[in-house]
1. For Cα Rg over 2.2 N^0.38 Å, one of (1) 1.08; (2) 1.15; (3) 0.99 was computed from the structure I shared and the rest are decoys. Which label?
2. Assuming R0 = 25 Å, can you tell me the calculated FRET efficiency for the pair residue 125 and residue 80, based on Cβ-Cβ distance, to the nearest 0.05?
3. Roughly how tilted is helix 202-228, in degrees to the nearest 10 and between 0 and 90, from the longest Cα axis of the chain?
4. With both bridge residues required to lie in the chain, what share of the DSSP beta bridges run antiparallel, to the nearest 5%?
5. In degrees between 0 and 90, to the nearest 10, how far off the longest principal axis of the chain does helix 171-188 point, with axes built from Cα atoms?
6. Expressed as an acute angle from 0 to 90° and rounded to the nearest 10, what is the orientation of the C-alpha long axis of helix 291-305 relative to the principal long axis of the chain?
7. Considering only DSSP beta bridges whose two residues both sit in the range 163-316, what percent are antiparallel, to the nearest 5?
């Protein structure tokens, strides 16, 4: 009982501050890491606009799994979770999240019979104790409350935080999330890569296609980014001709192939036949003091890449570059 009272008091006090959902979930995950010995862990959340469940935050789960494993209401797992009870499996029976396990727990996250998502945790060897299962129930309850409060607090704010053409974060909203993520990777010594996509000669697109068709093109580009990147990546349209992407847990060397794929998809759009784009990629290192400097360095790299030949339009910033 002492554990529950202490954790509830601490976490509910945190809810008094209007922080991003990602920050509150990260706090939950750090508490879980202290309390549990697990192999892998993940929190899936429902995305209302898509009516699917995507992996929001995880530990020891690969990029590929995060990107490809999405659940819909027709999936057997989601149907089971709509019974609003703990799913308890041993020795890889029925469901698996990437890794083989000895014990798997899946707990629905819900509020008033509305399924908001779920949390899973597995153990490579041995089994979770009854006490640990009780703790997981408590954490799931707290997460449910956090999500519901977040939704209520942000229903109006989201109208101004999202670019009206693409639905991506605006410059202000992107920076707010980027600053928090930047502070976290410094604190916990994690990888973070910034990517900037610059549309070269944007005014020429307006002259060729007009404002309405150019807006449609920007939405197509945004959709390509959203479809091909991880849900944990932060994407914003920070200027009319510029998109920004923050990729946590990824050094620059590991994102280049993804950027090349995005570049191919975008340049295959008919409207891009007479135009070009430039990419800037930089990884966070100790010489970068804040998110504004990180953004500026990557923007400069993207601008430089627009002046290169089309076959070489990805500019990766080396750590030694000021």
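1. (1)
2. Numbers: r = 25 Å, r/R0 = 1.01.
FRET efficiency, residue 125 to residue 80: 0.50.
3. 30 degrees
4. On the way: 48 of 52 bridges.
Antiparallel: roughly 90 percent of the beta bridges in the chain.
5. Around 60 degrees separate the two axes.
6. Long axis of 291-305 versus the principal axis of the chain: about 40 degrees.
7. Counting DSSP beta bridges with both partners in the range 163-316, the antiparallel share is about 85 percent.
Bear in mind that the values in this text are calculations on the coordinates, not laboratory data. Not measured: the values here are computed from a predicted model. FYI the Cβ positions are ideal-geometry reconstructions off the backbone, even for glycines, and counts take in every protein chain you see.
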